[in-house]
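Working notes for the structure below.
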Amino acid sequence: MKDIAHRVGVSQATVSHVLRGRGGEFRISAATAGRIHDVARQLGYRPSALARNFKNHKSYSLCLAVGDLTNPFWAGLAMGAQAEAERHGYTLVVSHTGETEEKERLVVDMLCERRVDGVILSPSQHHKARHLAEMRAERLPIVFVDRTIDGLDVPSVITDSVAGMRLAVDHLVSRGHRRIAYLGGPTETSTFRDRLKGYRQAMASHRLRPGPYAIALSEPEAAQEAAAKLFGRKPAATAVIAANFWLTVGTLRAAPDDVVVVGFDDVFLADLLRRPVTTVVQPVEDLGRHAVRLLVEDIAKPGSGRQLVLPPRLVVRGGTR
């Protein structure tokens with residue numbers, strides 16, 4: 001900045017104001033600002049992010065920490081989060097926790113040490129985890145996405161899983177199905193707990209008994225094994241609803257040809273499969289965008305605790321029987 005000031009014939013403070021976008025605030029003429037920018041480009045000037053961060057006590061980075069980056073759901077959510085973070089002047093760091101508390105604590109440490117300004121987390125813990133409760137008590141910026149923890153007042157954005165299951169059941173009933181099975185994930189997770197609740201409520205609204213249902217880990221192999229046992233029960237189900245992407249993949253591998261499969265979470269290239277799959281689609285990019293907005297709000301004004309619930313939609317493919 002000294003070199004630029006010398007070339008243009010102005011003070012270093014004037015150069016600083018212009019390069020930080022505050023020229024108008026200090027009544028610096030457009031002509032002077034233009035000369036400063038021209039000389040800055042000629043000299044290859046780049047602002048020091050490290051110096052800016054040190055001065056403002058900010059990293060200008062946010063962290064998105066999720067359990068399974070191999071799941072396309074999280075890739076779509078990250079895309080939305082990144083676009084929104086950049087709009088607010090932040091870089092997004094994405095971390096894979098593998099659903100482990102150990103790696104989740106590393107993310108918490110990043111926030112406590114101010115290496116990031118805030119964290120968007122899909123919590124691996126299903127109870128009121130101590131490290132998360134302590135972080136919230138210190139009013140550190142954190143937002144939950146896709147999942148929540150009972151008793152922990154943290155801003156969150158989720159999809160309405162109960163409404164999503166109602167869409168799936170109503171669709172199958174309208175096609176004449178009465179024996180509808182369900183394959184869900186561990187109900188310690190709020191998302192799977194809500195989806196099982198929605199399935200039961202939707203079946204009851206049609207005066208139908210819940211069909212056979214099973215619980216499996218959110219892994220294709222575990223889902224395939226659980227689905228195979230599910231289809232072996234009598235009387236046999238004519239349709240099945242799988243509660244997320246990996247559970248749908250495992251169910252498709254095990255389902256007999258005459259069983260209709262409806263998935264929760266869209267399946268990539270689902271319309272090209274031998275058996276087109278109807279899916280309950282979550283607004284994944286919107287989840288990411290809203291999570292960043294909530295986090296930016298929490299950074300500016302800690303303790304809001306705002307909750308957002310977004311509606312899903314049903315995508316019907318291939319004339320479900």
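The values are calculated or read from the model by the stated rules, or taken from the named source; none is laboratory data. Treat the numbers as computed from the prediction; the structure is a model and nothing was measured. Methodologically, a virtual Cβ is constructed for each residue, glycine included, from the backbone with ideal geometry; neighbour enumeration extends over all protein chains shown. The area values use the complete protein model at the heavy-atom level, side chains included, leaving out ligands, DNA and RNA. Shrake-Rupley method; radii C 1.70, N 1.55, O 1.52, S 1.80 Å.
Summary of computed values
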quantity	calculated
Helices (runs of 4 or more DSSP H) contained in the stretch 1-113 and holding at least 1 residues under 30 Å from residue 282 (Cα atoms)	72-87, 101-112
Options 114, 175, 105; residue that is closer than 30 Å to residue 207 by Cα and open to solvent by 30 Å² or more (accessible area, probe 1.4 Å)	175
Restricting the stretch 137-172 to residues that are surrounded by 20 or more Cβ atoms within 10 Å (Cβ to Cβ) and among the basic types (Lys, Arg), the residue that is modelled with the lowest pLDDT	147
Qualifying position, being open to solvent by less than 20 Å² (accessible area, probe 1.4 Å), under 23 Å from residue 181 (Cβ atoms), touching a Gly at 6+ places or on another chain (Cβ under 6 Å) and modelled with pLDDT of 95 or more, among 242, 216, 226	242
Unique match (being closer than 20 Å to residue 279 by Cα and among the small types (Gly, Ala, Ser)) among 204, 243, 236	243
The lone exception for residue 24 - which of (1) closer than 30 Å to residue 146 by Cβ; (2) over 19 Å from the mean Cα position of the chain (by Cα) it fails	(1)
From the options 103, 55, residue that is more than 21 Å from the chain's Cα centre (by Cα), modelled with pLDDT under 90 and of a type in the set (Lys, Arg)	55
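This table checks each residue for (1) farther than 16 Å from residue 191 by Cβ; (2) modelled with pLDDT under 90; (3) open to solvent by 20 Å² or more (accessible area, probe 1.4 Å); (4) not in a loop (DSSP other than H, G, I, E, B).
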site: 237; (1), (2), (3), (4): yes, no, no, no
site: 258; (1), (2), (3), (4): yes, no, yes, no
site: 271; (1), (2), (3), (4): yes, yes, yes, yes
site: 285; (1), (2), (3), (4): yes, no, yes, yes
site: 294; (1), (2), (3), (4): yes, no, no, yes
site: 314; (1), (2), (3), (4): yes, no, yes, yes
